[in-house]
Amino acid sequence: MPTTPRTGPIVILTGAGISKESGLDTFRDVGGIWSRVNLEDVATPEGFRRDPALVQRFYNDRRRGLLTADVQPNAAHEALARLEAEWDDEVFLVTQNIDDLHERAGSRTLLHMHGELLKVRCEGCDCVVEWRADLGPEHTCDDCGRPGGLRPHVVWFGEIPLGMEAIADALDRCALFMSIGTSGTVYPAAGFVAEVERFGRAHTVELNMEASHGASMFRESVLGPATQVVPAYVD
Ligand code: BV8
């Protein structure tokens, strides 16, 4: 860890790369999710309106993948959970990921800005409930009774990410910004480093398999697999 003075929280942004070594696919690597399915069809509100069954199948497949026994948090998830435990409430973890591996590793101060794979949301009353295998698109909402209104609790392209105010506040106050396992393709997450650098007070570091699109904006870059570079950096 850099010896920068602790004048604010540590803000960590993670992307699909941190879960790759747990067996979950990334999006834009060779063979990634977007090489197998058209994101307009499954990760936009228009795609869901056009073919809800296709979208439900896409997310049900990913839930099955996440819930298989050999998909477990890895050393990178565990290192971030240790960091949070050691630095009290001074670590704010924002993930673009919709898996629950950070939670299962023990992270508590966690914000899923793109939603959560294991939750569904009613389009009628916006209530969010834990996903259950028997929940189909025709299911009636337990809260408002509307039939057929359940959708994945996931932020699609063109939709506003969750927690943006809390994220902006943390970015403005942070002493250290770490970006882990993200290609820096998707906004607004890809713009967080520029937001931090605009204030010029924090140290910024990218830990990734390869240089991301925003690599030049970071003061420090550590390349390698997350299970090696993240514990080495934070422990
Ligand atoms: C929004 C759904 C308005 C969930 C996803 C400028 C400003 C604002 C918006 C835009 C803008 N320009 C364009 C936009 C629109 C759009 C956008 O960014 N488009 C892109 C394609 C240009 N953004 C939006 O629509 C967002 N909404 O902007 O609303 C707004 C904004 C702010 C305030 C008010 C209003 C909504 C974006 C969310 C879309 N939903 N997915 C799901 O199905 O999962 S995006 C999708 O990409 C996933 O969520 C994913 O998390 C995210 C980012 O991908 P990464 O995590 O980075 O994964 P990727 O495969 O790309 O990269 C993996 C990296 O890991 C690689 O670098 C690789 O080298 C590395 N790696 C691999 N293995 C390892 C590793 N690293 C370490 N160790 C390893 N072992």
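Residues in region 42-76 that are surrounded by 14 or more Cβ atoms within 10 Å (Cβ to Cβ) and over 21 Å from W131 (Cβ atoms): how many?
Looking only at that region, the number is 3.
Is it true that A16 is more than 12 Å from the ligand (Cβ to nearest atom) and either under 20 Å from V193 (Cβ atoms) or out of contact with any helix residue (DSSP H, G or I) (no Cβ under 7 Å at 6 or more places or on another chain) (or both)?
No; evaluated as a whole, the condition is false for this residue.
Check every one of the strands (runs of 3 or more DSSP E) wholly within region 140-235 and list those with 1 or more residues that are near the ligand (Cβ under 10 Å from one of its atoms), among the acidic types (D, E) and without any contact (Cβ under 8 Å) to a residue 40 or more places away in the chain.
203-208
Name the single residue that is nearest to the chain's Cα centre (by Cα) among those in region 38-64 being more than 10 Å from the ligand (Cβ to nearest atom) and not in a helix (DSSP H, G or I).
Per the stated criteria, the residue is N38.
Only residues that are within 16 Å of the ligand (Cβ to nearest atom), open to solvent by 10 Å² or more (accessible area, probe 1.4 Å) and of a type in the set (A, V, I, L, M, F, W, C): list them for region 90-107, please.
Listed by number, the residues that qualify are I98, A105.
For region 133-144, how many residues are open to solvent by 40 Å² or more (accessible area, probe 1.4 Å) and out of contact with any Gly (no Cβ under 7 Å at 6 or more places or on another chain)?
To start, the set of residues in region 133-144 that are open to solvent by 40 Å² or more (accessible area, probe 1.4 Å) comprises 133-134, 137-140, 142-144.
Checking which are out of contact with any Gly (no Cβ under 7 Å at 6 or more places or on another chain) leaves us with 133-134, 139-140, 142-143.
Total meeting the criteria: 6.
The values are calculated or read from the model by the stated rules, or taken from the named source; none is laboratory data. The structure presented is a predicted model; accordingly, all values stated were derived computationally and were not measured. Positions of Cβ are generated from backbone atoms using ideal geometry, with glycine treated the same way; all protein chains shown enter the neighbour counts. What goes into the accessible areas is simple: the full protein's heavy atoms, side chains included, and nothing from ligands, DNA or RNA. Shrake-Rupley method; radii C 1.70, N 1.55, O 1.52, S 1.80 Å.
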